[in-house]
Every structure is written in C-alpha cells, then in structure tokens.
Amino acid sequence: MSRASYLAFLEQAHLMGVEYRQTPEILRTEDQEQRRARLEEHRARLREAFGSFRHTCQVATVHARSSKAIEACDHVFAASRTVYITLGDIAEGATNASAFYAALDHYWSAVQELGKAVRLEEP
C-alpha cells in the first residue's frame with residue numbers, strides 16, 4: 001500500500017503545482033486592490049485543493065516504511081503551507097511578490113526530495 005499512497009500524494013502535490021502555476025499571472029496585476037482580490041480568490045481555490053492534498057499526505061505517512069519518507073512527506077506539506085501563507089502576505093502587502101518564487105522553489109525541492117525518499121525505500 002505504501003507505493004500507491006506515495007504515488008497518490010505525489011499526484012496531489014503536482015495538482016497543487018498546477019494551481020501554483022496560475023500565480024505569476026496574478027502577481028503581474030498592477031492594480032494593488034485588484035491583485036489582492038485575485039490573490040484571495042486564488043487562495044480560496046488552493047484551500048479547496050488542499051483537502052485531497054492533506055488527506056493523501058496523511059495516508060502516505062501512515063503507510064511509510066522509513067522515517068526519511070515520513071520526513072519528506074512532512075516537508076512537502078510544510079512547504080505547501082509556506083506558499084499559501086506567503087500568498088496571503090503578498091495580498092496584504094506585507095511582503096514582496098518575489099517571496100512567492102522563493103517559497104515555490106522550496107516546495108518543488110521538497111517534492112523532489114520526496115520522490116528520492118520513495119525510490120530509496122525498501123519494497
């Protein structure tokens with residue numbers, strides 16, 4: 001079951017990435033109020049997608065066979081939270097839009113590390 005649960009979580013991680021790919025266009029919105037409103041709508045869509053993402057993360061960690069895989073799942077989960085919080089900070093004007101790209105890089109690095117951890121696990 002662990003392989004299937006990892007694959008389901010990786011798929012959900014990539015589906016979150018599909019949502020994240022919509023962000024740069026929103027960040028290019030010059031009118032601050034319009035950008036804030038669009039970011040809040042975007043964050044609402046992310047919250048909807050997050051339910052399946054969180055569920056598959058929980059299932060993957062329950063079925064994980066190594067602490068390395070559990071840690072990797074947790075890192076992906078935490079990185080997604082960071083992206084979400086960063087988008088809120090950008091919407092509020094508390095941080096620069098470039099913070100999104102740093103958070104996104106961290107997210108994809110965490111996803112890549114999860115893939116490595118899964119490949120190294122004993123079948």
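The values are calculated or read from the model by the stated rules, or taken from the named source; none is laboratory data. The structure displayed is predicted, hence computed values, not measured ones. Ideal geometry is used to build each Cβ from the backbone, glycine not excepted, and the neighbour counts take in all protein chains shown.
Worth a mention:
- Near pairs, Cβ below 6 angstrom, 6+ apart or cross-chain, from region 25-38 (part of a helix (DSSP H, G or I)) to any residue that is crowded, with 16+ Cβ neighbours inside 10 Å and among the basic types (Lys, Arg): Ile26/Arg38
- Residue within region 32-46 that is crowded, with 19+ Cβ neighbours inside 10 Å and modelled with pLDDT under 95 present: no
- Across region 1-24, the qualifying residues are those that are more than 18 Å from the chain's Cα centre (by Cα) and not hydroxyl-bearing (Ser, Thr, Tyr), and the one among them that is modelled with the lowest pLDDT is Met1.
- Some residue of region 48-58 being among the β-branched types (Val, Ile, Thr) and either within 11 Å of the chain's Cα centre (by Cα) or assigned to a helix (DSSP H, G or I) (or both): yes
- Residue within region 74-83 that is in a helix (DSSP H, G or I), among the hydrophobic types (A, V, I, L, M, F, W, C), over 17 Å from Leu10 (Cα atoms) and free of Cβ contacts under 8 Å to residues at least 40 places away in the same chain present: no
- When the criteria are applied in full, Ala110 fails the requirement of being modelled with pLDDT under 95 and surrounded by 13 or more Cβ atoms within 10 Å (Cβ to Cβ).
- Which listed residue is among the basic types (Lys, Arg) and in contact (Cβ under 8 Å) with a residue 40 or more places away in the chain, from Arg43, Arg21: Arg43
- Remark: Thr86 matches the filter, which requires a residue to be free of Cβ contacts under 8 Å to residues at least 24 places away in the same chain, farther than 21 Å from Val118 by Cβ and in contact with a Phe, Trp or Tyr (Cβ under 8 Å, 6 or more places away or on another chain).
- The lone exception for Glu71 - which of (1) over 19 Å from Arg3 (Cβ atoms); (2) of a type in the set (Asp, Glu); (3) assigned to a helix (DSSP H, G or I) it fails: (1)
- Failed item in (1) farther than 29 Å from Glu121 by Cβ; (2) in contact (Cβ under 8 Å) with a residue 12 or more places away in the chain, with Arg65 passing the rest: (1)
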